[in-house]
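Before any comments, here is the structure.
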Amino acid sequence: MLVVRVNKAFGERHERHHRHMGRPPKPVDTSTFTGRFAVRLRELRENAGLTVEEFAVKVSENGYPINTRTAYNWEGDTKNPPICALPAIATALSVSVRTVLPKS
């Protein structure tokens with residue numbers, strides 16, 4: 001979707017492309033723990049049949065309040081959740097905490 005904005009102060013037209021919808025996810029670096037965790041979390045979430053938004057709500061309902069952006073960061077190889085969030089994540093995905101952690 002193309003969005004056209006007019007800067008009223010200068011009378012300039014600014015065009016910007018909304019790329020957040022439909023853009024492919026960036027590749028995850030699986031050589032790091034953060035990357036392996038991101039891949040594992042996305043795999044488990046998709047196996048549970050949840051969207052990122054639904055996952056964020058379920059984790060919040062299970063005692064660790066997060067927003068959708070936080071869930072995207074966890075899956076996007078930018079941040080790891082704190083250890084205290086792992087039980088809420090596991091419950092939201094109906095798996096054990098051990099299952100949430102990457103294999104190697």
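Summary table
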| quantity | calculated |
| --- | --- |
| Residue list for the stretch 25-39, restricted to those being within 10 Å of G76 (Cα to Cα), at pLDDT 90 or above and not hydroxyl-bearing (S, T, Y) | G35, F37, A38, V39 |
| Some residue of the stretch 23-31 being within 16 Å of A90 (Cα to Cα) and without any contact (Cβ under 8 Å) to a residue 60 or more places away in the chain | no |
| Criterion: free of Cβ contacts under 8 Å to residues at least 40 places away in the same chain and either farther than 22 Å from P24 by Cβ or among the polar types (S, T, N, Q) (or both) - qualifying residue of V52, V57 | V57 |
| Output for the stretch 66-103, where each listed residue is in a loop (DSSP other than H, G, I, E, B) and either out of contact with any helix residue (DSSP H, G or I) (no Cβ under 7 Å at 6 or more places or on another chain) or of a type in the set (A, V, I, L, M) (or both) | I66, T78, P82, S94, V95, L101, K103 |
| Residues of the stretch 22-53 classified as in a helix (DSSP H, G or I) and within 11 Å of the chain's Cα centre (by Cα), total | 7 |
| Residue check, K58 among the basic types (K, R) and surrounded by 13 or more Cβ atoms within 10 Å (Cβ to Cβ) | yes |
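The values are calculated or read from the model by the stated rules, or taken from the named source; none is laboratory data. What you see is a predicted model; the values in this text were computed from it and never measured. We place every Cβ from the backbone using ideal geometry, glycine too, and count neighbours over all the protein chains shown.
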